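What follows is a single structure, written as structure tokens, with notes after it.
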């Protein structure tokens, strides 16, 4: 994944905003915005909604860039055991369970 500071700069430039304009819209100082883009700092949880607003994004997208969700730690053995358990379920229930697993872990489930 691209470093947060580079991503932030790209998002701001895509909207043709100056650091001053983005900072004002987000509710943080231009100096703090410059630190974020330089990679010298990360935003606090409280400043993420404002940054998202300035960049016309959902706050969760900015949050996930600052605090990336952990990669799945599910092993292939775990998936094999889960598949064997799913095979024992009635077809309708199995489809619902598989759909839920795909949402949680991606199509590899």
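Note on region 4-66: Cα-only Rg and Dmax are 9.9, 25 Å. Note on residue 59 and residue 42: the extension gain reaches 4.7 nm, defined as 0.36 nm multiplied by sequence separation minus the Cα-Cα distance. Separation of region 46-63 from region 65-95 is 31 Å, based on Cα centroids. A full extension of the chain between residue 92 and residue 79 corresponds to an added length of 2.7 nm, given 0.36 nm per residue minus the alpha carbon distance. Treating the Cα atoms of the chain as identical point scatterers in vacuum, please give the log10 of the normalised Debye intensity I(q)/I(0) at q = 0.13, 0.15 Å⁻¹, two decimals. At q = 0.13, 0.15 Å⁻¹ the computed log10 ratios are -0.61, -0.68. Its relative contact order, with pairs defined as Cα atoms under 8 Å and 6+ residues apart, puts the chain at 18 percent.
Just so you know, all these numbers are worked out from the coordinates, no wet-lab data involved. Since we're looking at a predicted model, the values are computed, not measured.
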